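For reference, the structure discussed in these notes is given below.
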Amino acid sequence: MIRAEHLSMVYGKDFKAVDDLSFSIGAGEIVGFAGPNGAGKTTVIKMLTGILKPSEGNAFINGHDIRKEPLEAKTSFAYVSDNPDVLLQLRGIEYINFIADLYKVPAEVRKKRVPDLAERFGILDSLDSKLKEYSHGMRQKLMIIAALTHDPPAWILDEPMTGLDPSAAYELKQLMREHAAKGNCVLFSTHVLEVAEKLCDHIMIINHGRCLYQGTVEELSAAHPGHDLEDIFLEMTGYKGAASDTAEELK
């Protein structure tokens with residue numbers, strides 16, 4: 001449902017933000033996308049969604065080439081960016097309807113889905129307020145609701161849990177599971193490794209634009225016995241304190 005083939009992105013003359021990245025996410029899968037700040041996660045997501053044009057390679061959503069069939073591809077996914085501070089002059093319901101209009105969501109679908117999602121995320125009573133009056137977390141909730149209103153087969157979420165309170169984070173995880181259980185797929189980037197460990201069928205770890213690991217959490221843990229996922233992640237991504245911390249534990 002989501003496929004990347006040899007994606008690369010070069011900024012300027014020689015800075016390679018993403019280096020020959022390939023992966024595939026099938027129906028029913030939830031995939032966590034992990035890496036330190038600056039690893040290239042957001043750049044990859046922006047290439048998948050058509051915001052950035054790859055220097056090399058291709059991306060496909062539900063069988064549609066994002067470059068050759070952009071409209072067909074973009075109607076096949078929901079996208080939540082890493083910045084919820086957009087169109088702050090609109091009221092919450094106006095923003096949702098704006099996004100729903102772009103995706104041609106029928107009125108009868110909105111009447112049911114929007115209140116259901118707003119209730120689950122605890123902002124039903126705030127939809128008539130302007131976004132500039134929302135907290136960061138409330139704006140994040142609204143971006144998620146707007147993105148999910150047209151309920152496409154693929155979800156692409158960039159750090160979607162940043163700023164969410166525990167109840168909203170729980171609801172989003174439940175929605176991901178429900179979506180995947182219906183034969184759809186979810187790709188989400190995260191810094192919270194415990195979430196990836198509990199929620200994901202597979203994880204990808206990248207650093208400096210290169211893939212360090214693709215596979216299941218169980219396979220990764222089996223390859224590093226005696227270490228939790230956080231230790232493994234720090235070691236793989238070259239955190240200098242990882243080796244010394246491990247040495248201290250062994251004394």
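We did not get these values from a lab; they are worked out from the coordinates using the rules stated. What you are looking at is a predicted structure, and each value in this text was computed from that prediction instead of being measured. Note: ideal-geometry Cβ built from the backbone for every residue, glycine included; neighbour counts use all protein chains shown.
Projecting the Cα positions of 7, 34, 79 onto the charge dipole of the chain (unit charges on Cβ atoms of Lys, Arg, Asp and Glu, taken about the Cα centre) puts 79 furthest along the positive direction. Restriction of the trypsin sites (Lys or Arg not before Pro) in the stretch 85-133 to DSSP coil positions whose beta-carbon has at most 15 other beta-carbons within 10 angstrom yields 104. Each helix, a run of at least 4 DSSP H residues, gives -39500 (n - 2.57); summed and divided by the residues of the chain, these come to -11500 deg cm²/dmol at 222 nm.
What do you get for Rg/Rh over the stretch 1-81 if you use C-alpha atoms and the Kirkwood form of Rh? Ratio of gyration radius to Kirkwood radius for the stretch 1-81: 0.95.
Translational diffusion coefficient of the stretch 156-223 (Stokes-Einstein, Kirkwood radius from Cα pairs, 25 °C, 0.890 mPa s): 188 µm²/s. Taking the Cα atoms only, what angle lies between the long axis of helix 92-102 and the longest principal axis of the chain, rounded to 10 degrees? So the inclination is approximately 80 degrees. Give, as a single signed number, the net charge of other residues whose beta carbon lies under 11 Å from the beta carbon of residue 35, with Lys and Arg counted +1 and Asp and Glu -1. Value of the local net charge: +2. If the segment from residue 53 to residue 218 were pulled out straight at 0.36 nm per residue, it would be longer than the present Cα-Cα gap by 56.0 nm. By how many degrees, 0 to 90 and rounded to 10, does the Cα axis of helix 136-148 deviate from the longest principal axis of the chain? Roughly 80 degrees between the two axes.
Size descriptor for the chain, Kirkwood hydrodynamic radius: 19.1 Å (Cα pairs only, one decimal).
Determine how many Å³ per residue the convex hull of the Cα atoms of the stretch 84-151 encloses. Intermediate results must be reported in sequence, preceding the final value.
Values: hull volume 4.9 nm³, N = 68.
Given the Cα convex hull of the stretch 84-151, per-residue volume reads 71 Å³.
Here 134, 95 are placed in order of increasing Cβ neighbour count within 10 Å, fewest first, which gives 134, 95.
Can you give me the angle between helix 240-250 and the longest principal axis of the chain, using Cα atoms only, in degrees from 0 to 90, rounded to the nearest 10? Compared with the principal axis, the helix lies near 60 degrees.
Express the relative contact order of the stretch 11-127 as a whole percentage, based on alpha carbon pairs under 8 Å and six or more residues apart in sequence.
On the way: 60 pairs, mean separation 15.4, N = 117.
Once divided by the residue count of the stretch 11-127, the mean separation gives 13 percent.
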